[in-house]
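Read-outs throughout are calculated quantities, based only on the coordinates presented, and are distinct from any laboratory measurement. None of these values were measured; they are calculated from a predicted model. Reconstructed Cβ throughout: ideal geometry from the backbone, glycine too, with neighbour counts over all protein chains shown.
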Amino acid sequence: MLSWDTELHGLGIADMDATHEEFAHLATEVARAGDDDFPLLFAMLLDHTRRHFENESRLMRECHFPATGEHEAEHWRILADLTHMQRAIDEGRLGLARLYARQGLPDWFRNHLATMDSALAARLKRQAMPSPAAGRPYRPSARVP
């Protein structure tokens with residue numbers, strides 16, 4: 001399960017940190033849910049994850065992140081996994097989705113946060129510094145609701 005710790009998991013980009021904290025809390029709720037609540041919470045996690053990844057894709061485009069293709073491919077893989085499991089849940093089969101919510105997803109998230117998302121955050125921070133050529137810092141636009 002995921003336990004959010006700003007000191008440990010925070011990337012220093014408020015938009016990303018807030019979204020990641022929401023993801024960690026929701027993923028933990030899903031992992032702890034009973035059979036009655038699990039389907040709805042899993043659907044909420046899938047919806048949150050879609051919006052989360054759309055927002056990161058926007059940030060990558062705005063800052064011309066060089067590893068956008070690799071980063072988005074990882075997002076598509078996770079969305080495909082979640083969508084596949086949502087179909088199984090819709091058919092009353094919760095077992096694989098429960099295992100994924102308890103083990104696979106937290107392990108993936110920790111690794112993704114420490115590698116791909118930290119690289120994106122570093123790029124955003126570098127572009128927040130004033131550029132002599134541009135004369136103004138990069139400012140990401142508002143967060144996607």
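Summary of values
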| read-out | value |
| --- | --- |
| Acute angle (nearest 10 degrees) that the helix 118-128 long axis makes with the longest principal axis of the chain, alpha-carbon atoms | 30 degrees |
| Stretch gain in nm, segment residue 114-residue 1, where the contour uses 0.36 nm per residue and the Cα spacing is subtracted | 39.0 nm |
| Potential lengthening between residue 87 and residue 67 on full extension [0.36 nm per residue; Cα-Cα distance subtracted] | 4.1 nm |
| Label-point separation in nm, residue 102 to residue 77, each point 7 Å along Cα→Cβ | 2.4 nm |
| Segment residue 122-residue 58, length gained on full extension (0.36 nm per residue, minus Cα span) | 21.5 nm |
| Dipole magnitude of segment 35-128, debye to nearest 20 (Cβ charges: Lys/Arg +1, Asp/Glu -1, about Cα centre) | 400 debye |
| Taking the C-alpha atoms of the chain, convex hull volume expressed per residue in Å³ | 96 Å³ |
| Long-range HN-HN contacts of residue 11 with modeled amide H, under 5 Å | 17 |
| Most mobile listed residue (54, 91, 70) in the chain, GNM with C-alpha springs under 10 Å | 91 |
